[in-house]
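To start, the structure under review is shown below, and the notes come after it.
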Amino acid sequence: MKYLLLPIILLLSSCATTTSAPQDIELTGRLLGSYVSTSSGMYKGHILHVNDSNSIQKIFAVGKGNPKKILLVQGEPKSLDKLAGQDVNVTGKIHSEHIDIFHTDFVLSIINISGQ
């Protein structure tokens, strides 16, 4: 029985999905609006496309996934519409979370955003 317990514990720990704790971060990228049509309706989100190598390295330190597309979350999403298509500087809390509808692996809760 004691020889069976260790493999079971290892199996459970390897199957468990871990999400990273939110970390403070400052990123530079291009802000774009994204629309996704599903059977239950249209979803709108804002995606930060990151090309800056320093920002990409910061994202790699948070977790695994595609560091070039970040889903942005803000209490008032309409305020992001005026910055769409522009290069922006964003500070906030980032964590790794796969959002399949927008094909992103990271979510950034915005604290401050400004155009460059």
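Derivation of every value follows stated rules applied to the coordinates shown; laboratory data play no part. Here the structure is a predicted model, which is why all the values come from computation and not from measurement. Heads up, the Cβs are rebuilt from the backbone with ideal geometry, glycines too, and the neighbour counts pull from every protein chain shown.
Worth pointing out:
- Those residues of region 76-116 which are polar (S, T, N, Q) and under 17 Å from Val50 (Cα atoms), in sequence order: Gln86, Asn89, Thr91, Ser96, Thr104, Ser109, Asn112, Ser114, Gln116
- Looking only at residues of region 34-74 that are under 16 Å from the mean Cα position of the chain (by Cα) and small (Gly, Ala, Ser), we find that the one that is farthest from Ala21 (Cα to Cα) is Ser34.
- Those residues of region 60-83 which are closer than 17 Å to Asn112 by Cα and without any contact (Cβ under 8 Å) to a residue 24 or more places away in the chain, in sequence order: Gly75, Glu76, Lys78, Ser79, Lys82
- Residues in region 52-59 include none that are touching a helix residue (DSSP H, G or I) at 6+ places or on another chain (Cβ under 7 Å) and either touching a residue at least 24 places away in the same chain (Cβ under 8 Å) or aliphatic (A, V, I, L, M) (or both).
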